[in-house]
Amino acid sequence: MSQNIDFNAFVKYSKSAPRYTSYPTAVEFRESWNDTSYKEALKEADSTSLPLSLYTHLPFCRSACYFCGCNVVYTSKEEKKERYIHYLKKELTLLKDSMDTSREVVQFHFGGGTPTFFNARELESVIGLIRGVFTNFAKNAEISCEVDPRFFSREQMAVLKENGFNRLSFGVQDFDENVQEAIHRKQSVEIVSNAIALAREFGIESVNFDLIYGLPYQSEQSFADTLQKVVGLKPDRLAIFNYAHLPWMKKTMRKIDETTLPNPAQKLEILKNTIAFLQEQGYMMIGMDHFAKKSDELYLAKAKNELRRNFQGYTTRGFSQTIGIGLTSISEGLGYYSQNYKDMQEYEKALDEGRLPVERGVKLSEKDILRKEVIMGLMNNLRLDFKGIEKRFGIEFRAYFANELESLREYEELGLIQITPSSIETSPTGGMLIRNIAMVFDTYLQNDTTKRFSKTI
């Protein structure tokens with residue numbers, strides 16, 4: 001694939017665009033959506049046969065990684081974790097009273113923060129609370145945890161294994177010492193290697209690494225050296241993200257010296273070399289940012305156009321109702337998104353008052369649901385079949401989206417996409433620009449061009 005990517009065209013047409021982990025995007029969530037709205041949506045969803053996907057946010061980190069854009073709480077105090085578990089219990093009790101928690105769970109994910117900043121006993125406590133409420137886990141449920149290799153013990157791994165965890169994602173970012181110092185995250189190859197060995201010893205067969213390009217002091221050579229070390233550790237999947245420097249949004253990013261960041265041309269070379277090298281090593285590009293071995297179920301699902309994305313990333317499972325648990329977590333149903341408070345005091349206050357800790361969200365209109373299906377279809381599989389959408393929504397695709405298809409004509413003339421009577425197909429370069437293509441179907445962007453999003457490169 002890499003040899004067919006026209007990187008000059010990629011750069012020329014790259015622009016700021018949403019990542020479309022949701023549609024409408026989170027900037028459209030409103031505070032008019034509240035605890036009552038969410039409860040009504042949960043009750044309505046009980047009548048569906050949708051399985052459940054659980055996301056639990058464990059927000060604490062011992063110290064700041066300067067590149068991080070996640071919602072985290074920095075602390076070294078054990079009592080804060082215990083207090084948080086107490087409030088998770090309150091939230092889970094309210095969820096149990098608000099929905100049918102006996103529906104089948106097909107996905108469960110610990111995110112953060114640093115989930116493994118919680119010790120083995122604390123992890124076991126949280127898992128026990130969740131499994132005590134959501135009792136019907138599928139035998140083949142995808143159960144995963146984000147891991148900081150610097151905080152990962154045999155005792156923690158034992159707890160995860162005993163509770164059915166079968167996927168681990170390790171935050172690696174970069175192995176270069178200068179880069180690590182600049183982003184305030186020092187971890188040696190040996191530390192990561194030991195963490196992987198521990199996971200493999202306990203039978204974890206799906207290991208992902210998170211890497212970031214565009215960090216301070218990175219060069220083509222330094223990142224190539226990191227990739228050599230990475231493939232030597234044999235992860236099954238890789239997520240390689242473009243660093244988005246947003247100091248106006250994240251204070252910790254202000255600690256990064258902007259003069260040390262690679263320029264767009266350098267980032268492009270890093271990306272080009274990364275794609276080519278990983279494909280030589282047997283890792284195929286899956287959607288945006290992700291790579292997997294040909295034997296991995298992600299690759300097999302993509303080959304069948306069955307890949308899906310949710311807030312946890314790419315998945316081979318069909319659409320499920322996501323229940324977000326904990327600070328800042330986002331829930332998703334067929335016709336809504338609901339987000340918990342980002343502020344800990346507000347989160348606790350709501351629970352103390354017997355309310356689900358909902359800060360904002362959005363109820364989707366029929367038009368939203370249609371456009372969500374189109375946008376997510378493009379984002380999931382880098383192509384779109386019209387027939388399924390036409391059948392579900394009772395429309396003639398080319399007529400309904402005539403203006404949008406006209407807007408895509410430039411991309412078609414450039415060979416970035418092909419519009420057939422029944423589909424939109426992307427070229428390898430078009431696939432790299434899938435966010436741009438999806439934007440055309442986003443009516444919220446058509447109405448408001450002032451929103452800030454990260455650039456493709």
So Glu306 ticks every box in (1) acidic (Asp, Glu); (2) farther than 27 Å from Ile212 by Cα; (3) surrounded by fewer than 19 Cβ atoms within 10 Å (Cβ to Cβ) but one. Which box is left unticked? (2)
Within segment 367-422, can you find the residues that are among the hydrophobic types (A, V, I, L, M, F, W, C), over 21 Å from Tyr13 (Cα atoms) and out of contact with any Phe, Trp or Tyr (no Cβ under 9 Å at 6 or more places or on another chain)? Ala399, Ala402
Does Tyr243 count as surrounded by 14 or more Cβ atoms within 10 Å (Cβ to Cβ), of a type outside the set (Asp, Glu) and modelled with pLDDT under 95? yes
Among the residues that make up segment 179-186, is at least one of them farther than 30 Å from Leu261 by Cα, among the aliphatic types (A, V, I, L, M) and either in the same structural domain as Val73 (by TED's automatic domain parsing) or buried (at least 19 other Cβ atoms within 10 Å of the Cβ) (or both)? no
Failed criterion for Cys61 (all others in (1) in contact with a strand residue (DSSP E or B) (Cβ under 7 Å, 6 or more places away or on another chain); (2) surrounded by fewer than 18 Cβ atoms within 10 Å (Cβ to Cβ) hold): (2)
Within segment 317-327, residues under 14 Å from the mean Cα position of the chain (by Cα) and of a type in the set (S, T, N, Q) come out as Thr322
Looking only at segment 150-167, decide whether some residue is under 27 Å from Asp296 (Cα atoms) and in a strand (DSSP E or B). yes
The condition from (1) outside any helix (DSSP H, G or I); (2) closer than 21 Å to Ile204 by Cα; (3) in contact with a Ser or Thr (Cβ under 8 Å, 6 or more places away or on another chain); (4) not aromatic (Phe, Trp, Tyr) that Ala138 misses is numbered (3)
Restricting attention to segment 3-30, report how many residues are of a type in the set (D, E, K, R) and without any contact (Cβ under 8 Å) to a residue 60 or more places away in the chain. 1
Does segment 35-51 contain any residue that is buried (at least 21 other Cβ atoms within 10 Å of the Cβ) and either assigned to a strand (DSSP E or B) or at pLDDT below 95 (or both)? no
Give Ile375, Ile424, Ile369 a once-over and let me know the one that is surrounded by 14 or more Cβ atoms within 10 Å (Cβ to Cβ) and part of a strand (DSSP E or B). Ile424
Name the helices (runs of 4 or more DSSP H) wholly inside segment 212-316 in which the number of residues that are assigned by TED's automatic domain parsing to the domain that holds Glu142 and closer than 30 Å to Phe386 by Cα is 2 or more. 297-303
With the condition kept exactly as written, say whether any residue in segment 64-71 is in the same structural domain as Thr315 (by TED's automatic domain parsing), farther than 30 Å from Ile275 by Cα and in contact (Cβ under 8 Å) with a residue 12 or more places away in the chain. no
From Glu190, Glu146, which residue is of a type in the set (Asp, Glu), farther than 29 Å from Lys294 by Cβ and not in a loop (DSSP other than H, G, I, E, B)? Glu190
Suppose we filter Asn166, Asn140 for residues that are modelled with pLDDT under 95 and either surrounded by fewer than 21 Cβ atoms within 10 Å (Cβ to Cβ) or in the same structural domain as Phe209 (by TED's automatic domain parsing) (or both); which single one remains? Asn140
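The values are calculated or read from the model by the stated rules, or taken from the named source; none is laboratory data. The structure presented is a predicted model; accordingly, all values stated were derived computationally and were not measured. Ideal geometry is used to build each Cβ from the backbone, glycine not excepted, and the neighbour counts take in all protein chains shown.
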